[in-house]
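As structure tokens, the structure follows; a few thoughts come after it.
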């Protein structure tokens, strides 16, 4: 059999195996909170799920591509996003232990009102919508050129097979398959690096020195990541949902370890891109490297992409289902049937953008800019701010993100050279404006009270 046949076999067999291993959720607690008769998820299960649910097919593709473009600096820039676990873990721990909140929606609704909660829900729905197309289109590129029939067929088949086992077990299914997928990912990453390293005379020292530490060669993106980690994690329910399903102290410990494990995985996979840079390759780094090293490497890369994409996609389906049925329930009875219907709906809507060929990295950078207004809301969660503070900050962030996405950012406001100079400028100015917008009503209110 040729390599194309083996790729289809891997795609189908992996999905069927995950379906068979997924438990059937018998009640709402198992489906939406992963709780069973045995209790809540433990440390290793939660940590593995956190790490693999953020090692998306798109994220390891981006890590490799940034390694190709900027060397080691590119890998560091993308790995910096994983500091989000550290920030979210600490903030949510305090929100639970000191504030007594049981969810992000409970905090926002109680502090700023229902309209604030609905605006936040629209932002995270947009995030989940992006996760569907940005991960499945990566899978398609391993089966054919973008826009070809094999490309679309692979995307459709992979998405439907992942939906099948997600419908079966919800969050409980997602966590258990995440643990399997994390173990497989670690093994495959070890094997891939074991194949690459002997093929080049570039050792670890040359890898670390493969980039240039300047703004225009990757540091712009690194600074963007360091700005966005104070807002980015809170608009990702795949991450925040997992922060409320186990006891607070153990959850904080899981988030702490997930930070460093995730960063290590991204840095190691960026080695694929650095290898491509050394070899003078161009294009999608994982695909190009796999093709140059033969059928075996292509199949290994195929497995690792299917594994990482499936782990993110099932978590995305589960989080959207919980958002629609639990977080926005409005007093209605929680229904498994309704949850599964919303999963299917997101599958359809989230696949449509693939027809228009968007850029994979934009799913991270643009949506990350649109939510910078969440930073003051969560960094200063203990501050008794009026609702107007929330709306000024969040709407300002959305405005800056839309301006950037539409290509309307003024050139005179780009203060940094090279690629991502506009992105860094928008995030820096936007973050400052969001904090100012958040604090002006707070200080005004305090002035009025003291007068």
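The values are calculated or read from the model by the stated rules, or taken from the named source; none is laboratory data. Remember, predicted model here, so these are calculated numbers, not experimental data. Every residue, glycine among them, receives a Cβ derived from its backbone with ideal geometry; neighbour counts consider all protein chains shown.
Against the condition farther than 21 Å from residue 135 by Cα, at pLDDT below 85 and outside any loop (DSSP other than H, G, I, E, B), how does residue 29 come out, does it pass?
yes
Of the residues 384, 445, which is assigned to a loop (DSSP other than H, G, I, E, B), at pLDDT below 95 and over 23 Å from residue 82 (Cβ atoms)? Step through it out loud before you land on a result.
Values: 445 fails: assigned to a loop (DSSP other than H, G, I, E, B).
Of the residues listed, the single one that is assigned to a loop (DSSP other than H, G, I, E, B), at pLDDT below 95 and over 23 Å from residue 82 (Cβ atoms) is 384.
Search the range 296-349 for residues being out of contact with any helix residue (DSSP H, G or I) (no Cβ under 8 Å at 6 or more places or on another chain) and closer than 20 Å to residue 27 by Cβ, and hand back the single one that is modelled with the lowest pLDDT.
331
Out of 230, 255, report the one residue that is in a helix (DSSP H, G or I) and either more than 30 Å from residue 30 (Cβ to Cβ) or in contact (Cβ under 8 Å) with a residue 40 or more places away in the chain (or both).
Details: 230 fails: in a helix (DSSP H, G or I).
From the options 230, 255, the qualifying one is 255.
Could you say which residue among 59, 49, 53 is modelled with pLDDT of 85 or more and out of contact with any strand residue (DSSP E or B) (no Cβ under 9 Å at 6 or more places or on another chain)?
Numbers: 59 fails: modelled with pLDDT of 85 or more; 53 fails: modelled with pLDDT of 85 or more.
Matching residue, one of 59, 49, 53: 49.
Restricting to the range 352-364, and then to whatever is assigned to a helix (DSSP H, G or I) and touching a helix residue (DSSP H, G or I) at 6+ places or on another chain (Cβ under 6 Å), can you tell me which residue is modelled with the lowest pLDDT?
Filtering the range 352-364 down to residues assigned to a helix (DSSP H, G or I) leaves 352-356, 362-364.
Next cut, touching a helix residue (DSSP H, G or I) at 6+ places or on another chain (Cβ under 6 Å) only: 353-354, 363.
Working: 353: 82, 354: 82, 363: 48.
Here the answer is 363.
With respect to the numbered conditions (1) part of a helix (DSSP H, G or I); (2) under 26 Å from residue 89 (Cβ atoms), which one is the sole condition not fulfilled by residue 272?
(2)
Could you please let me know if residue 402 is surrounded by fewer than 16 Cβ atoms within 10 Å (Cβ to Cβ) and under 24 Å from the mean Cα position of the chain (by Cα)?
Details: surrounded by fewer than 16 Cβ atoms within 10 Å (Cβ to Cβ): yes; under 24 Å from the mean Cα position of the chain (by Cα): yes.
Yes; evaluated as a whole, the condition is true for this residue.
Collect the residues in the range 410-432 that are at negative phi and over 25 Å from the mean Cα position of the chain (by Cα), keeping them in residue-number order. Break it down into steps so the answer makes sense when it comes.
Start the filter on the range 410-432 by keeping residues that are at negative phi, which leaves 410-417, 419, 421-432.
Result: 410, 411, 412, 413, 414, 415, 416, 417.
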